[in-house]
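Reviewing the structure listed below.
The values are calculated or read from the model by the stated rules, or taken from the named source; none is laboratory data. Source: prediction; values computed, not measured. For neighbour counting, all protein chains shown are included, and Cβ atoms are generated from backbone atoms with ideal geometry for every residue, glycine included. Only protein heavy atoms, including side chains, enter the accessible area calculation; ligands, DNA and RNA are left aside. Shrake-Rupley method; radii C 1.70, N 1.55, O 1.52, S 1.80 Å.
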Amino acid sequence: MSSTESLITHLPNDIGGRDADAINMEEHPMLPWEKRCHALLDVLATHQIVNTEEKRRGVEGLGSEIIGKLTYYERWIVSAVNVLLEKRILTPDQIANKTKEIAERKL
Amino acid sequence: MTLPAQPSHDHDHDHDHDHPHPGVAKDEEPYSYYANLELAVRELLIEAGLITADEHRRQIEILDSRSPLLGAKVVARAWTDPDFKERLLKDGSAASEEMGITMYDGAHLIVHENTDKVHNMVVCTLCSCYPRPVLGLPPDWYKNKQYRARAVKEPRAVLKEFGTVLPDEVGIHVHDSNANMRYLILPLRPAGTEEMTEQELADLVTRDSMIGVTVVKSSLAQRNGSHV
Amino acid sequence: MDESEIQSINRRDVLLLAAAAGAPLSVPSLVLAGGSKASPPAHSGDPSMGHPAIETQRADAIPHSMKVKGHSAEIAIASRTAFAVNDSVRIKNKTPVGHYRTPFYVRNKTGRIERILDEFINPEEEAYGKNSGSKVRLYRVSFAQQELWPEYRGASNDKLQIEISEHWLESA
């Protein structure tokens, strides 16, 4: 196997059996936006706008660096955005304009 | 509880003044690009008529309504009603529906019974598949790589970290929840609970015992001082 | 269902038929269009054992688009199960690109069929937006932990069970 082949064929989330540290049993309460994000992805799955498997694939496609740096629901929403763009349901400019408007609205 | 704040009035207005908008509670958390991204996607899809604000709020209600208390009720019913237990082990989805719990997204519930000979535990090595209708959302450790990586390869060491030490005569069955089934563990009913009511039994049943990383102890209720 | 999707289903069923011709079908459970189930031929062992999903299969489990199109032959072929409970199976050693739900740690490992489940859209295709059409049979496969991890430290009766789609299984 070439040195980079496994980067393509072995998904970054496929970690069953790897060595890892002790389990950290600390739990953090779900943030309000995380719950809204979860609910949004549930609604998108119900309508098959972004089905669960597409969402997972979108997270995997972020690559291990981004996966390692983003939190669980940060990965979800970025995955959803990428899938929606890919399916031409939304456009990059719509996202740009709407996030700008929201940031200004919240000031 | 985070149902979006409702606007306090319904007149037309610009966005340059200070009052709550749906989904924008100013004091709830610091600026987050990702929170804004979620709101942006949601608003765009609502404007496009693909989803409604109402169904999103409804889904938050559904998320809020699910908790391990539901799974504990199922377990206590199975402990006290042999016919229900038989139906539950045969078809977890159908038996849960008897108690008003419905699965979603095409997933089916399979219930595994712990016995003197077999202890079952659940992991999702690829992501975080979890029987949400009966347990709510998974704990952080269930979603993190340490549990996902190790539970399949060294389940006894993982169980020990949760304080669960089982003799070698008890086989450990690990269930990797990787596709369309969801798994609930029916823990072993502890000795000394013969006189307890169904509700008292349900109070003993923890989330972790239904994931299968701990066992149910009869002393939990005494320690917590409830229902005894 | 558009024309291209019909073609892809037919192509898939031809492949399934070809695969079936090469190996005896141990549990040829036929689900007919409309949801009624043909009586399975005599089968060694308890025919109901491990088949709760099949026993409870309902008409609405068949994709609506297939029912209205009336592709009963396709449905019947697609609903055969190539493996029976207790069959020894090996997980194919192959490497898809893009998306999969068969983790590396079970590939090329031998286990046995523990339970036959329903049919579902192949997740590798669902991940790219396929929401209807042909489905693949799902099984629960049980492995001895020593088979998966040669260095396994634990009891010899420790097991691991996981869901595997039919296109990942071969007889062992």
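Protein heavy-atom accessible surface, 1.4 Å probe, per residue over segment B:67-224: 38 Å².
Backbone phi angles across segment A:77-87, fed through the Karplus curve with coefficients 6.51, -1.76 and 1.60 (θ = phi - 60°), yield HN-Hα couplings of 6, 5, 4, 4, 4, 4, 5, 5, 5, 4, 7 Hz in residue order; Gly and Pro are listed as x. Loop-resident GluC sites (Glu not before Pro) (DSSP state other than H, G, I, E or B) in segment B:71-174 with no more than 15 further Cβ atoms inside 10 Å of their Cβ: B:Glu169. Of the trypsin sites (Lys or Arg not before Pro) found in segment B:75-141, those that fall in a DSSP loop while having at most 11 other beta-carbon atoms within 10 Å are B:Lys117. The mean number of partner chain beta-carbon atoms within 10 angstrom of a residue's beta-carbon across peptide A:84-94 is 2. Magnitude of the charge dipole for segment B:67-224, about its Cα centre and with charges confined to Cβ atoms of Lys, Arg (+1) and Asp, Glu (-1), is about 680 debye. Listed values for segment B:40-57 are Karplus-derived 3J(HN,Hα) couplings in whole Hz (6.51 cos²θ - 1.76 cosθ + 1.60, θ = phi - 60°), namely 4, 4, 4, 5, 4, 6, 5, 4, 7, x, 8, 9, 10, 4, 5, 5, 5, 4, and x replaces Gly and Pro. Selection among A:Leu7, A:Asn97, A:Ile23 by position relative to the dipole of chain A gives A:Asn97 as farthest towards the positive end (Cβ unit charges, Cα centre). Roughly to the nearest percent, how much of the accessible area of segment B:134-200 is carbon and sulfur, given a 1.4 Å probe? Of the solvent-accessible surface of segment B:134-200, carbon and sulfur hold 49 percent. Leaving ligands and nucleic acids aside, the C/B contact buries around 2200 square angstrom of accessible area in total at a 1.4 Å probe radius.
Taking amide H as placed 1.01 Å from N in the peptide plane, C:Glu114 has its amide H under 5 Å from the amide H of C:Asn86, C:Arg140, C:Val141, C:Ser142, each at least 5 places away in sequence or on another chain. Rounded to the nearest 20, the Cβ-based charge dipole of chain A about its Cα centre (Lys and Arg +1, Asp and Glu -1) stands at 540 debye. For segment A:20-107, GluC sites (Glu not before Pro) meeting the loop criterion (DSSP other than H, G, I, E, B) and having at most 12 other Cβ atoms within 10 Å: A:Glu26, A:Glu27. With 30 Å as the limit on Cα-Cα distance, the pairs of B:Lys153/C:Lys130; A:Lys98/C:Lys135; B:Lys145/B:Lys217; A:Lys69/C:Lys159; A:Lys35/A:Lys87; A:Lys87/C:Lys135 that go past it are B:Lys153/C:Lys130; A:Lys98/C:Lys135; A:Lys69/C:Lys159. For segment B:202-209, the Karplus equation 6.51 cos²θ - 1.76 cosθ + 1.60, evaluated at θ = phi - 60°, returns couplings of 4, 5, 7, 7, 9, 3, 5, 5 Hz by residue, with Gly and Pro reported as x. Mean partner shielding of peptide C:115-123, defined as the number of other chain Cβ atoms within 10 Å of each residue Cβ, is 3.
Taking both sides together, the accessible area buried where A meets B is about 5200 Å² for a 1.4 Å probe. Mean residue ellipticity, 222 nm, helices only, chain A: the sum of -39500 (n - 2.57) across DSSP H runs of n ≥ 4, divided by residue count and rounded to 500, is -18500 deg cm²/dmol.
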